[in-house]
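To start, the structure under review is shown below, and the notes come after it.
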Amino acid sequence: MYVAVKGGEKAIENAHAWLAEERRGDPGVAELSLAQIREQLSLAVNRVMAEGSLYDPDLAALAIKQARGDLIEAIFLIRAYRTTLPRFGCSTPVDTGGMACDRRISATFKDAPGGQVLGPTFDYTHRLLDFKLAADGAVPAAPSAAPRHEPTPHITEFLKDEGLIQDEPASDEPPGDLTREPMEFPADRPLRLQALTRGDEGFVLGMAYSTQRGYARNHAFVGELRIGTVAVEMEIPELGFAIEIGEIVLTECETVNQFKGSKTEPPQFTRGYGLVFGQSERKAIAMALVDRALRWEELGEDDLGAPAQDQEFVLSHADNIQATGFLEHIKLPHYVDFQSELELVRKLRREAEERLEAREAAE
Amino acid sequence: MNEYNFAYLDEQTKRMIRRAILKALAVPGYQVPFASREMPMPYGWGTGGVQVSAATLTPDDVFKVIDQGADDTTNAVSIRKFFEKTAGVATTEETGKATIIQTRHRIPEARLRADQILVYQVPIPEPLRFLEPRETETRKMHSLQEYGLMHVKLYEDISQHGAISTAYAYPVRVADRYVMDPSPIPKFDNPKLEMDAIQLFGAGREQRIYALPPHTRVVSLDFEDYPFEASKADHACNLCGAEDSYLDEVITDDAGNRMFVCSDTDYCRSRREAGHQGRLAQEGTA
């Protein structure tokens, strides 16, 4: 009886031992290596890096292995590790115009300098289970061509040159950092984009989808989606100039949205922006749609009361580590609170019954 | 775990948290935003309390952790082990021996002293949250002391149920200024909020820290004709016989029989060691 709440320490140890055993699964089946996860489950690795806000495919692979494939748990492991890392400084802004693109498509122009490059995409595959893959995963080498070396200009630049799309003036203002300062509302666009890029893919997808179905609809064309490698450069104070410290793969999406114009702005197209670590195109497109919806105020649009327009709602609930922690905390004991509610409900019922009896006696 | 700093957090982060704590002590009941860090335990599981404890602990401290009043509930065990590992501090289950006590949902029964610090884990720091979901609005309401909505809520409780139907996380007014959520402690504990020890409240996910300096005036909201009442189960502890402690109700058999025991396990143990016996003392200690 009362012993039920005792022995927590032993129970925790045993639970963890059992968890380790379950994670390993049947010891007769070969163990997964981190390289296998990194190479063959790379989109899972990408998601963990994006939402974990840490670009390290090997650590992400380790987190996925440790989390038994639960990606939110893996993201949590990465986030918790990330906070312990010292900061040496900031990189200079990456130049996505100089990206070595693996994939680059535009839905707004049939062709443009740099061309349409499908790259390694699930698009146009027929979603039929490939039973051959169950037995044999060997694939013939894909055909290859010599890479282009000239830069691939952003599609929106062509619209900008004509003045048809709203300009995004460059700024040297250092952006805020939501991992170092508590979020306050209203949040400016750099903070909103930070929250969205590390936000839960499912949540951001759902929010974006809601705008497509009419909750603050703002029809979006994928002006451009590009995936590829960019150089990361950092200014070294001792040197006085920036040097390349590595390369990362990014997915960037710019949407071109309709805009009727307002009192201050002539009719022109507007933009939504998505930028995510790794090959994460569903997330990048969704991010761009939600970014655009959140810009209603600065573009002088109406507040339609749609969830995706409400930055406090979107940004407060996009983080899956916050959400899952609070959701799952209701598993923790609450018997003290519950006891106080029990007492209260009993008291209220007693009083209600007494009132009823008194009324019956009076009648 | 030598690869981590004392009490896990790096010194800069601890300084940032200490600044928030000092501000919170200077403005009792005011929720100070702070840049909460991701901790290696989930949000909602005490990350705010853990960060406040980490910023407050020194190597000489003696640390105690309770959850629901008990030292041996699983999450209390987990947090205690975390600081044993990362800070190497001495831990205790005895309330009197602890210098810092981290708690979830209870205030210990034993009176705390001026040389002790009580750290609360807070899920939702905003007492007005369930009346107004927007942070931008509630911050405005606090700055204007616009607390009418809360009184209307309490009034509606009385008109519907004949009593204020808040049993835990019962709102208080601090130093005649801020309305504060004392975290989900049962309202039985509310009178104890005026105490000799420092009380610090940490909400990690919501990125807020607030505090009650010693001897701060803390008034549970009520009406003249419906005064606040600190209630508990109308029983004595079945193990130690205490009539003044908050009780947990435990279902003991398939027939639905109940026993009542102190939620504060250290209080119960110390009373039993002093020779006090409740109705089921023989059975319970077996």
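Before moving on, here are some points about what is shown:
- A convex hull fitted around the alpha carbon atoms of the range B:235-286 yields 71 Å³ per residue.
- Under the Debye formula (equal points on every Cα, no solvent term), log10 I(q)/I(0) of the range A:8-82 at q = 0.23, 0.24, 0.25 Å⁻¹: -0.96, -1.01, -1.05
- Expected-Rg normalisation [2.2 N^0.38 Å, Cα atoms] applied to the range A:64-168: 1.59
- Per residue of B:143-151, other chain Cβ atoms within 10 Å of the residue Cβ number 0 on average.
- Cβ crowding within 10 Å averaged over residues, with B:59-65, B:186-192 ranked highest first: B:186-192, B:59-65
- Overall form of the range A:241-363 per C-alpha gyration tensor (a/c, 1.5; a/b vs b/c): oblate
- On the basis of the beta-carbon distance and an R0 of 51 Å, A:I72 and A:A358 show a calculated FRET efficiency of 0.40.
- Counting, for every residue in B:31-42, the Cβ atoms of other protein chains within 10 Å of its Cβ and taking the mean gives 6.
- The protein assembly as shown: Cα Rg divided by the 2.2 N^0.38 Å rule of thumb: 1.12
- For the residues of A:78-90, the average number of beta carbons from a partner chain within 10 Å of their own beta carbon is 3.
- Cα gyration tensor shape for the range B:65-158, rounded if a/c is under 1.5, else prolate or oblate: prolate
- When only alpha carbons of chain A are considered, Rg and Dmax amount to 26.2, 97 Å.
- For chain A, the relative contact order comes to 16 percent (Cα pairs under 8 Å, sequence separation of at least 6).
- Cα-Cα separations in the range B:108-224 greater than 20 Å, expressed as whole percent: 42
- Across the options B:S36, A:Q311, A:L34, the greatest Cα extent toward the positive end of the charge dipole of the protein assembly as shown (unit charges at beta carbon of Lys, Arg, Asp, Glu) belongs to A:L34.
- For the range A:1-150, the alpha carbon convex hull comes to 245 Å³ per residue, rounded to a whole number.
- For the range A:113-196: rounded, prolate or oblate by the Cα gyration tensor [a/c cutoff 1.5]: oblate
- The range B:11-216 - Kirkwood radius from inverse mean 1/r over Cα pairs (Å): 17.3
- Order by protection proxy (mean Cβ within 10 Å, highest first), peptides A:69-75, A:299-305, B:205-211: B:205-211, A:69-75, A:299-305
Every read-out reported here was derived from the displayed coordinates using simple, explicitly stated rules and does not represent laboratory data. This one's a predicted model, so the numbers in the text were calculated from it and none came from an experiment. All Cβ positions, even for glycine, are placed from backbone atoms using ideal geometry, and neighbour counts span all protein chains on display.
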